[in-house]
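First up is the structure itself, then whatever we jot down about it.
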Amino acid sequence: MKSAVRKHSIYINGRKTSVSLEDDFWFGLLEMAAVKNTTVPALVARVDHARKTVNLSSAIRMFVFRYFKADAKPKTARRKRRQRILRYRGPKTRSRAKVRSKQKT
């Protein structure tokens, strides 16, 4: 059985290191680099500088996970806000029946 984890070699601050990542995390990292208009080694260097764990691969996984998790939240909030707007019927100052009866007289 083939492993889902692949090794990727990256140069960080002039030194070569390798990280073992699943394809989904690697492609997520590539997508993040494209969106942020930077390189993968620059992102990994940022993770390496800020990490609190011993394992760089785990720190990268958490970095990618948090990025996409944060990206998913606004979509949910927008959907809920849109649903509230669609349910909104206007201010409840007077009922429509009272307004209609006043217009007829």
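Values as computed for the structure displayed
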quantity: Residue order, fewest to most surrounding Cβ atoms within 10 angstrom, among 8, 49; calculated: 49, 8
quantity: Alpha-carbon gyration tensor eigenvalues x 5, square-rooted, for region 1-71, Å; calculated: 17, 16, 13
quantity: Reach of residue 36 by Cα under 19 Å, taken over aspartates and glutamates that are not fewer than 8 positions away in the same chain; calculated: 24, 48, 71
quantity: Amide H contacts under 5 Å for residue 12, placed H, 5+ residues apart; calculated: 17
quantity: Exposure proxy ranking, count of Cβ atoms within 10 Å, fewest first, for 58, 18, 9; calculated: 9, 18, 58
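Rule-based calculations on the coordinates, nothing more; no lab input. Owing to the predicted nature of the structure, the values given are computational and were not obtained by experimental measurement. As a convention, Cβ positions derive from the backbone with ideal geometry for all residues, glycine included, and neighbour counts pool all protein chains shown.
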